[in-house]
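Participant: First, the structure itself, so that you have it in front of you.
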Amino acid sequence: MSRRIPAIVIALSALIAMTAAVLAGNLLAVSDGPFEDAFAAHNGAHLAVTGTNLPASAPGVAASAGPYPLAMVTARSREGFEIPLAIAGREEGGGIDALTLLDGRWPAADGEIVMSALPGEGPPPPGFAFTVEGRELTIVGTAYSVTGTASAWATPAQAAAWAKGRTQMLYRLSDPEAVDAAKAALGPVEAAASWLDVKTAAERDTGVYLPFLSAFGVLGLVLSGLVVGNVVAGAVSGGRRRIGVLKAVGFTPAQVVRGYVARALVPAAVGVVLGGVIGNLGAVPLLEAAGEAYRTVPSGPNPPVTVAAAIGLPLIVAVVAWAAAARAGRLRTVDALAPARATGRARGRRAAALAARSPLPRSVSLGLARPFARPGRAAAVLLAVALGAAAVTFAAGLATSLGEVAAARSHGLDVTVEAHDDPAGVAAKLAGHRFYGSRTTERIVSGRNTDVTGLTGDTALAGYRMTEGRWFSAPGEAVAAGPFLAATGTAIGGTVTVEGTTLTIVGEVFDTRFDGMRVLAAAGDLGMEPDMFYVAGATADEIAALGLVAEDSGDGGGQMIGALNAIAAAFTVLLVAVAGLGVVNGVVLDVRDRARDLGVHKALGMTPRQTVAGVVASIAPAGLLGALLGVPAGMALHTYVVPAMGSGAGTKLPVAALEVFGPGLLAAVAVAGPVIAVLGALCPASWAAGVRTATALRGE
Amino acid sequence: MIELNHVTRAYDAGPPALNNASLSVAAGESVAVLGPSGSGKSTLLNLIAGLDRPDSGTVTVDGVRVDGMSETAAAKHRRARIGMVFQFFHLLDDLTVTENVLLPARLLGLSRKAAEERAKRLLDDLGVGRFGDTHPARLSGGQRQRVAVARALMNRPPVLLADEPTGALDSAAGAEVAGLMKDLHADGHTIVLVTHDLALAEACATRTVRLADGEVLG
Ligand SMILES: Nc1ncnc2c1ncn2[C@@H]1O[C@H](COP(=O)(O)OP(=O)(O)O)[C@@H](O)[C@H]1O
Ligand SMILES: [Mg+2]
């Protein structure tokens, strides 16, 4: 078994590195490709502006389309939900922001609309219907706008009937980056949407994936390189005699080294092929998720990524193997052929003598002295354990952070109560319960389409987490999400005007819905009444008994967090496996080196269990030290990567999501190093214990 | 003291290393097993020491069945009842001479002080007392084999197994070790000595047994 282990270790390391490289590479490739392609293909609008009497040309404007009538209406679903819709009156196609019909047909009469959808999303469920101003709308199809200039389209006549004079103009700019200058040149407008915002939103998803995929990717590459190097170095040190014989019969040093490199490359190639397959399979769901975020047709895996990784990885393996095998080339033939000399290192000897004199059982002291006899190998094993522990620490921290983010994003309580008709009456009936009410509508705030949420009742129950400042409390106070504050240039302490009411922003809230274009305040301040109530500590039946329409709240979204956690878990398992294999390899080499010593001990009466204990003890220092180095490294990585993921997603994260390493979690991850070390050592240790002593003690 | 009954041991390839071999050694006897290289001598000793297991037949030492013992039981059997001496000494190079000799006592869990005293006495008796703090690599072959004998005697085992103890020594050192074996026999040890050196066998054995192609020729 020991003979095959180095090849298996190399193959698995290469497999994992390849999988990581293909996944990360595909996400990278997709993050700057499809949106721009789709934008060019559909001649997207650099600037979409809402207002009245908008100019057709202005400095910086290369081309324009419109004006199109634009209706901002509140549609009511059959179930009573209110959905804000921006309905533009346009024909299919168009010179700028060409509209593509995905299914159904284009509206031909009053009362018909097509809904905006992403490719692959499909039509709304059958029977899905809205009323606008008391009139039922017929959804006749879905259409795609690369810049998302409206949420639905109707005939120009129908849109104009609802638009109350409001229009939309679409502009192409001579300098696509100079959006702000062009907007200023248009004069006063009601709202403007920049293509850069759409692009940023499109890139948000990969913004989340990239930092941690890169972290795992780098960890994976370093760990795999380390393991491959260690395996080859081990093969060289274990093959002294063989090297000597090869050279004696006329192999040149370069040929000897090439032989070792080839022995590493063959299993690495197997790993690269398998890793390429797994990586491409794993990339499909990831890219689908990314494609939806990009508002483009999801693309398949990118073959050049696989090709590049398939060339690059073996190169890395070759270089590492070459470096590790160079010693074989330098080894003098006479030395290689001389009988193995006594372990000459004074350091190792002193440690062995110290251990021999220690009061520890011989089996344990025998092992504890080992790392000193071969400091290089011990360091490699230590590093493998430390990297494994770092991966576990990082992943555990990441999972905890994501859990906190999920908690911060979930605002539903146990029971959801509908209150479209009589909010005050519902609130009165809920008086004995802990609840809050809310209503969200789309408004134009500071010139931006913004989701405005009004809250009543015990608003703390809604569970919003602050990234800065505080939650609103006094009348006239509001909080907003970071992207809104950034997009509108509003600071905490500044004011915003919602439908004529001026509100003071007292805090930045963590909220990623509606791309973070969100303002929250007391419903009263916004002139709103809640349409939904959320009740804590009750069941739907209890609330229904009060004569209310109530249902138990389901699980809220969290798909991306689930995906992130799954990917992190998969990478962690793989990295821990490589770290464990690194330990296995180190211990196998060590046990092989010590076969005679272990044999002598067994001949003198050392039991298998003592042998296992000795081998495991030889790895214990690496396990403990690995935890000591790996846990802080993992924490540092977490400190660096998690905020980067947040800023990739365009948001700061709540403090609770950043400071996750409490004593409990630390204690849990601190165990990882020793566990990796001991599990990695157990297998070769029992092999050592089971090896026939008679064989080990046969003469030279 | 030692009973082998119809013992057969075959390795994966080739003819059996031991073929239906039987041997009986009484307490206090010194038996030399003679035979050419590859005749199964080491295999025989390994079976007695519990380092190897027969495919068939039984091995009994000091009234205890050794074949079929678990590895752990066999290890304890060696600690208490068997001292082994090898052709290539098999001393641990990273330990001093004294520490090498102390090893069996440490495995048995003897008190350090008593064990050190005994180790010193053994090394003195065997004429290598002054090397206690040196490493085996500094010693000559004969000196190393004396240290190995001291180690084998550390736990006062009733049985001493020696596998070509002079095989790696020049004739002068070989003669010294031969004398040593003779003294040990005189002290009442039960000895099984494996060698292809007729002179050694005659010098220190009360009886000789011949092995050829895994069969005991009597
Ligand atoms: N571990 C082993 N694996 C395979 N064959 C072995 C092994 N040990 C010994 N043999 C074979 O068994 C036979 C007897 O070996 P051994 O007992 O060492 O003989 P001796 O000690 O008399 O030289 C030889 O043919 C040898 O090659
Ligand atoms: Mg032999």
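Participant: So, in segment B:19-42, exactly how many residues are within 16 Å of ligand 2 (Cβ to nearest atom) and among the small types (Gly, Ala, Ser)?
Facilitator: 8
Participant: Among the residues of segment B:22-37, what is the count of those that are within 9 Å of ligand 1 (Cβ to nearest atom) and either under 21 Å from A:Ala603 (Cα atoms) or buried (at least 23 other Cβ atoms within 10 Å of the Cβ) (or both)?
Facilitator: 1
Participant: Tell me whether segment B:200-215 contains one or more residues that are within 25 Å of B:Leu123 (Cα to Cα), away from ligand 1 (no atom under 13 Å from the Cβ) and within 14 Å of another protein chain (Cβ to nearest Cβ). Explain how you work it out, then say what you get.
Facilitator: Filtering segment B:200-215 for residues within 25 Å of B:Leu123 (Cα to Cα) gives B:200-201, B:203-205.
Remaining after also requiring away from ligand 1 (no atom under 13 Å from the Cβ): B:200-201, B:203-205.
Still in the running and within 14 Å of another protein chain (Cβ to nearest Cβ): none.
Within segment B:200-215 (the criterion being within 25 Å of B:Leu123 (Cα to Cα), away from ligand 1 (no atom under 13 Å from the Cβ) and within 14 Å of another protein chain (Cβ to nearest Cβ)), the answer is no, since none of the residues qualifies.
Participant: Scan segment A:507-537 for residues that are farther than 29 Å from A:Ala428 by Cβ and not charged (D, E, K, R) and jot them down.
Facilitator: Passing the criteria: A:Gly507, A:Phe510, A:Thr512, A:Phe514, A:Gly516, A:Met517.
Conditions (1) of a type in the set (A, V, I, L, M, F, W, C); (2) within 16 Å of ligand 1 (Cβ to nearest atom); (3) within 30 Å of B:Gly63 (Cβ to Cβ); (4) surrounded by fewer than 16 Cβ atoms within 10 Å (Cβ to Cβ), marked per residue:
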{"site": "B:Asp133", "(1), (2), (3), (4)": "no, no, no, yes"}
{"site": "B:Leu139", "(1), (2), (3), (4)": "yes, no, no, no"}
{"site": "B:Arg156", "(1), (2), (3), (4)": "no, no, yes, yes"}
{"site": "B:Gly167", "(1), (2), (3), (4)": "no, yes, no, no"}
{"site": "B:Ala173", "(1), (2), (3), (4)": "yes, no, no, no"}
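Participant: Does segment B:50-65 contain at least one residue that is within 13 Å of ligand 1 (Cβ to nearest atom), closer than 19 Å to B:Ile191 by Cα, within 12 Å of chain A (Cβ to nearest Cβ) and at pLDDT 90 or above?
Facilitator: No, there is no match, as no residue in segment B:50-65 is within 13 Å of ligand 1 (Cβ to nearest atom), closer than 19 Å to B:Ile191 by Cα, within 12 Å of chain A (Cβ to nearest Cβ) and at pLDDT 90 or above.
Participant: Separate question: Kindly check whether there is at least one residue in segment A:220-228 that is more than 27 Å from the chain's Cα centre (by Cα) and more than 30 Å from A:Leu54 (Cβ to Cβ).
Facilitator: Let us first name the residues in segment A:220-228 that are more than 27 Å from the chain's Cα centre (by Cα), namely A:228.
After this cut, where a residue has to be more than 30 Å from A:Leu54 (Cβ to Cβ) as well, the list is A:228.
Scanning segment A:220-228 turns up at least one residue that is more than 27 Å from the chain's Cα centre (by Cα) and more than 30 Å from A:Leu54 (Cβ to Cβ).
Participant: Related question: Helices (runs of 4 or more DSSP H) wholly in segment B:56-166 with at least 1 residues that are among the acidic types (Asp, Glu) - which ones? Quick ask: steps written out before the conclusion?
Facilitator: Values: elements: B:71-81, B:97-108, B:112-125, B:141-153.
The qualifying helices (runs of 4 or more DSSP H) are B:71-81, B:97-108, B:112-125.
Participant: Looking only at segment B:182-189, decide whether some residue is within 16 Å of ligand 2 (Cβ to nearest atom) and among the aliphatic types (A, V, I, L, M).
Facilitator: no
Participant: Which residue pairs have Cβ atoms under 6 Å apart, sit 6 or more places apart or on different chains, and have a first residue in segment A:452-473 that is at positive phi and a second that is in a loop (DSSP other than H, G, I, E, B) and surrounded by fewer than 16 Cβ atoms within 10 Å (Cβ to Cβ)?
Facilitator: A:Gly469/A:Ile492
Participant: Mind telling me which of the residues A:Gly605, A:Gly599, A:Gly614 ends up being within 14 Å of another protein chain (Cβ to nearest Cβ) and not in a helix (DSSP H, G or I)?
Facilitator: On the way: A:Gly599 fails: not in a helix (DSSP H, G or I); A:Gly614 fails: not in a helix (DSSP H, G or I).
It is A:Gly605.
Participant: Here's a follow-up. If you take the residues in segment B:11-21 that are small (Gly, Ala, Ser) and surrounded by 13 or more Cβ atoms within 10 Å (Cβ to Cβ), which one is farthest from B:Asp62 (Cα to Cα)?
Facilitator: By that ranking, first place goes to B:Ala17.
Participant: Within segment B:76-98, which residues are under 16 Å from A:Leu598 (Cα atoms) and at the interface with another protein chain (Cβ under 7 Å from one of its Cβ atoms)?
Facilitator: Across segment B:76-98, the qualifying residues are B:Lys76, B:Arg78, B:Arg79, B:Met84, B:Phe86, B:Phe88, B:His90, B:Leu92, B:Asp93, B:Asp94, B:Leu95.
Participant: In addition: Which residue is farthest from A:Ala24 (Cα to Cα), if the candidates are limited to segment A:291-315 and must be of a type in the set (S, T, N, Q) and at pLDDT below 85?
Facilitator: A:Thr296
The values are calculated or read from the model by the stated rules, or taken from the named source; none is laboratory data. Treat the numbers as computed from the prediction; the structure is a model and nothing was measured. Reconstructed Cβ throughout: ideal geometry from the backbone, glycine too, with neighbour counts over all protein chains shown.
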